[in-house]
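Note sheet for the following structure.
The values are calculated or read from the model by the stated rules, or taken from the named source; none is laboratory data. Keep in mind the model is a prediction, meaning the values are calculated, not measured. A quick note on method: Cβ atoms are made from the backbone with ideal geometry, for glycine too, and the neighbour counts reach across all protein chains shown.
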Amino acid sequence: MLTTLPEIGKPLQDEHVEFLNTLSKSARAAIVQMVANAASGHPGGSCSVIDYLALIYAFIVSQTGEDVVVSNGHTSPAVYSILAEMGYIPRQEVIDTFRKSGSIYEGHITRHVAGVHYGTGPLGVGVSAASGMALAEDLRKSNKHVFALVGDGEAQEGQVYEMMHFVNKYKLSNYILFVDYNEVQLTDSLEKIMPINIKGIFDASGWNVIDVDGHDFAAMWDAVGQAYASDKPTVLIGHTIMGKGVSFMEPDGADYKATWHGIAPKPEQAEEAVNNELKVSDEELEALNNFRESTVQWHPKDPHSYDIDVLTPMPEVKTGEPRILEAGTKADCRGAYGNALLDLAKLNDNVLASTADLGGSVKTAVMGKEFPERHIEVGIAEQHMVSLAGGLSLSGFIPFCSTFGAFMTSRAKDQARVNDINRCNAKMVATHCGLSVGEDGPTHQAIDDIGSFLGLLNTQVLEPADANQCDRIIRFIASHYGNFYVRMGRHKYEVILKEDGTVFYDENYKFEYGKADLIREGSDVTVIAAGSMVPIAVNVADEMKGKVEVLAVNSIKALDKEAIKASLEKTGKVITLEDHNPYNGYGSQVSALLAEEAINAKIKHLGVTEYQLSGDAMELYEIAGIGPNALKEAINSM
């Protein structure tokens, strides 16, 4: 029976080790049962990490609730089993329903489960999200630590290296990472698949590196004590055995065979193990029950409390007064973004900005000059930046992260997708989108970025028409929950005006998600334009004197059905105009809307259908067939 909890920095006593042996044994029994019952799962790695999880949950997390992120998300059986041992989730329900239809106990770690701080699966993502949580605690100057786990094969992922450098740069001594160094990955041994010097890499990155036996509780507790005392981030390289503690698995793991990485044991194998080496006696069961009832102090919130709907207003966020540029002003949206971000940072201590060595280009440097401690420079590490934002957002901050559109939506799509699944609150703002980036050429001209994020179910995609609307959109996404992707170009152009020559997005304008703006009324053709195409459409409409109706759209996932229907009832013809390809941009979405609503209208799409070379933005617009002349030609041909 456990009578006391150990102190960090002091050795474990025999009673502590005895209790942990019982706890791990019971957890291993649950692991074997749930995987066998599901006839799928990953028992080997789960058994190799369970001793470390048992240690930190029993003696630290159960008392403090400090964040734990298990990046190697396939070891979900280990996580679910230890959460069950703490009394956070029902043990038998996990065993019975793991990986089954309708169950929250998914094959990879999920936030649907009480006690899970960030759901993981794609390798490399979780360690970056955990570093965001550690940075959050550091910014708050709290004394809390963040624990993360990573697989040794997972350390081959480039994102892990991005995280290493970042955590060292920001001296996050509250970050403790455990490497499950069982030297086996999915198909074979680490040595055969991709040998890496994990210790040397972390050492070279400036971490406090500790080699430890991942199955020796006393040694691991001593290592945790050293980590708490260090002024550096600490990595514990836990030498483990895949399948440890299970008689039919451990020999293969000790021989560096991948047999039990992702293979479920047969029911008879599981039953034999549970009734023999994993059998928990009545006395041991009493000790576990007593621990849950009398020793566990922290309990997680109901996971449903985290299910905040996308676009839910956050009234606690102060948005300030919008900046309104006067008629005749030429401005880029990225400049408006930087200024709005600065205003938000002045009013809200939890607003952060991060960039990947592009602060001057994406204009977050404006905020960084005044609030350097809240301007996070990650270096050329877009994947890490987006996952970092996810972790920060789940720790109470409102993180804006910015880079070029081509990098945000291609390199970091996986990371944005995992944030989307986790229902995070990350604000992704991309500049240099479309042909607006001009001279940088096709590698940087993001003409597929909208489509890249269109299928993310909890991420909204926005595009401002000019600098004045951009200001309102930035303030809107800061004050509404959810992941957002805001795209904008690089070049400057005049702010949009009403027909009387006054500013369209003036002091009376309020941004409404999904609402299209009727910029010009016309009789013959409706032009549905987005972003930097709006002023082009307006200029053409003015030149053609009442023939062209211009609708400015900004929310591709929430097109304004009523406004579009009303316009097409009048004109019967529509042209979509976008600085993006029409196949998975506004063109395709408007076509889908017309089909769904049974709107009979003649339609033509103007978008970028071929990669362009370098050149001035306006020149490239004409070459690509989305400039003023191309639009006029399209109108006249309908």
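From the list P233, P195, exactly one residue is surrounded by fewer than 19 Cβ atoms within 10 Å (Cβ to Cβ) and assigned by TED's automatic domain parsing to the domain that holds P122. Which is it? After ruling out the rest, the residue left standing is P195. Would the stretch 101-117 turn up any residue that is on the phi > 0 side of the Ramachandran plot, in contact with a Leu (Cβ under 6 Å, 6 or more places away or on another chain) and assigned to a loop (DSSP other than H, G, I, E, B)? Looking for residues that are on the phi > 0 side of the Ramachandran plot, in contact with a Leu (Cβ under 6 Å, 6 or more places away or on another chain) and assigned to a loop (DSSP other than H, G, I, E, B), one finds at least one in the stretch 101-117, hence yes.
Scanning the stretch 161-180 for residues that are of a type in the set (S, T, Y) and surrounded by fewer than 24 Cβ atoms within 10 Å (Cβ to Cβ) yields Y161, Y170, S173.
Exactly one residue out of V503, V525 is within 17 Å of N629 (Cβ to Cβ) and either in contact (Cβ under 8 Å) with a residue 40 or more places away in the chain or surrounded by fewer than 24 Cβ atoms within 10 Å (Cβ to Cβ) (or both), and it is V525.
Let's see how each residue does on (1) under 20 Å from D180 (Cβ atoms); (2) crowded, with 24+ Cβ neighbours inside 10 Å:
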| position | (1), (2) |
| --- | --- |
| T64 | no, no |
| V70 | yes, yes |
| H74 | yes, no |
| A78 | yes, yes |
| I82 | yes, yes |
| G87 | no, no |
| I95 | no, no |
| I104 | no, no |
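Of all residues in the stretch 601-614, those that are more than 19 Å from A530 (Cβ to Cβ) and out of contact with any helix residue (DSSP H, G or I) (no Cβ under 6 Å at 6 or more places or on another chain) total 4.
Residue pairs whose Cβ atoms lie under 7 Å apart, sitting 6 or more positions apart in sequence or on different chains, and linking a residue in the stretch 268-296 that is under 21 Å from V32 (Cβ atoms) and of a type in the set (F, W, Y) to a partner that is at pLDDT below 95 and loosely packed, with under 15 Cβ neighbours inside 10 Å, do not occur here. Is there a residue in the stretch 601-618 that is aliphatic (A, V, I, L, M), assigned to a loop (DSSP other than H, G, I, E, B) and under 21 Å from K547 (Cβ atoms)? Looking through the stretch 601-618, at least one residue is aliphatic (A, V, I, L, M), assigned to a loop (DSSP other than H, G, I, E, B) and under 21 Å from K547 (Cβ atoms). Within the stretch 616-626, the set of residues being surrounded by 16 or more Cβ atoms within 10 Å (Cβ to Cβ) and under 11 Å from S436 (Cα atoms) comprises A617, M618, L620, Y621. Screening A134 on (1) buried (at least 24 other Cβ atoms within 10 Å of the Cβ); (2) within 23 Å of H42 (Cα to Cα) shows it passes everything except condition (2).
For the stretch 169-242, the helices (runs of 4 or more DSSP H) that sit wholly inside it and include 2 or more residues that are of a type in the set (V, I, T) are 198-204. Looking only at the stretch 363-389, which residues are more than 26 Å from I447 (Cβ to Cβ) and crowded, with 24+ Cβ neighbours inside 10 Å? Residues satisfying the conditions are M367, I376, L388. Filtered by the rule that a residue be touching a Ser or Thr at 6+ places or on another chain (Cβ under 7 Å), under 12 Å from L577 (Cβ atoms) and either at pLDDT below 95 or assigned to a loop (DSSP other than H, G, I, E, B) (or both), the stretch 509-540 gives a lone residue, S532.
Yes/no matrix, rows are residues, columns are (1) closer than 30 Å to A155 by Cβ; (2) of a type in the set (V, I, T):
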residue: F400; (1), (2): yes, no
residue: R411; (1), (2): yes, no
residue: I421; (1), (2): yes, yes
residue: A426; (1), (2): yes, no
residue: T443; (1), (2): yes, yes
residue: A446; (1), (2): no, no
residue: N458; (1), (2): yes, no
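So, of the residues in the stretch 228-247 that are within 32 Å of the chain's Cα centre (by Cα) and free of Cβ contacts under 8 Å to residues at least 60 places away in the same chain, which turns out to be farthest from N72 (Cα to Cα)? Step by step, filter the stretch 228-247, then rank; the result is S230. Within the stretch 577-600, the set of residues being in contact with a helix residue (DSSP H, G or I) (Cβ under 9 Å, 6 or more places away or on another chain), over 19 Å from I447 (Cα atoms) and in a loop (DSSP other than H, G, I, E, B) comprises E597, I599, N600. If you go through the stretch 319-362 and pick out every residue that is free of Cβ contacts under 8 Å to residues at least 60 places away in the same chain and surrounded by fewer than 16 Cβ atoms within 10 Å (Cβ to Cβ), you end up with 6.
Of the residues C470, C424, which single one is touching a residue at least 40 places away in the same chain (Cβ under 8 Å) and closer than 14 Å to R334 by Cβ?
Numbers: C424 fails: closer than 14 Å to R334 by Cβ.
Going through C470, C424 in turn, the sole match is C470.
Listed by position, the helices (runs of 4 or more DSSP H) inside the stretch 340-395 whose residues that are within 22 Å of the chain's Cα centre (by Cα) and among the hydrophobic types (A, V, I, L, M, F, W, C) number at least 1 are 359-362, 382-393.
Scanning the stretch 13-62 for residues that are more than 15 Å from V79 (Cβ to Cβ), touching a residue at least 24 places away in the same chain (Cβ under 8 Å) and outside any helix (DSSP H, G or I) turns up A39, S40. What about D211, is it modelled with pLDDT of 95 or more, among the acidic types (D, E) and within 16 Å of M242 (Cα to Cα)? So D211 does not fit the description; no.
Scanning the stretch 106-122 for residues that are free of Cβ contacts under 8 Å to residues at least 40 places away in the same chain and surrounded by fewer than 20 Cβ atoms within 10 Å (Cβ to Cβ) yields a total of 2. Report yes if S305 is outside the structural domain of C47 (by TED's automatic domain parsing) and without any contact (Cβ under 8 Å) to a residue 24 or more places away in the chain, otherwise no. Here the answer is yes, as S305 does meet what is asked. Within the stretch 541-576, the residues that satisfy the criterion of being touching a Phe, Trp or Tyr at 6+ places or on another chain (Cβ under 8 Å) and either outside the structural domain of Q612 (by TED's automatic domain parsing) or part of a strand (DSSP E or B) (or both) are V553, S555, T576.
Let's see how each residue does on (1) outside the structural domain of N584 (by TED's automatic domain parsing); (2) more than 22 Å from P628 (Cβ to Cβ):
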position: E463; (1), (2): yes, no
position: H480; (1), (2): yes, yes
position: N508; (1), (2): yes, yes
position: E512; (1), (2): yes, yes
position: S532; (1), (2): no, no
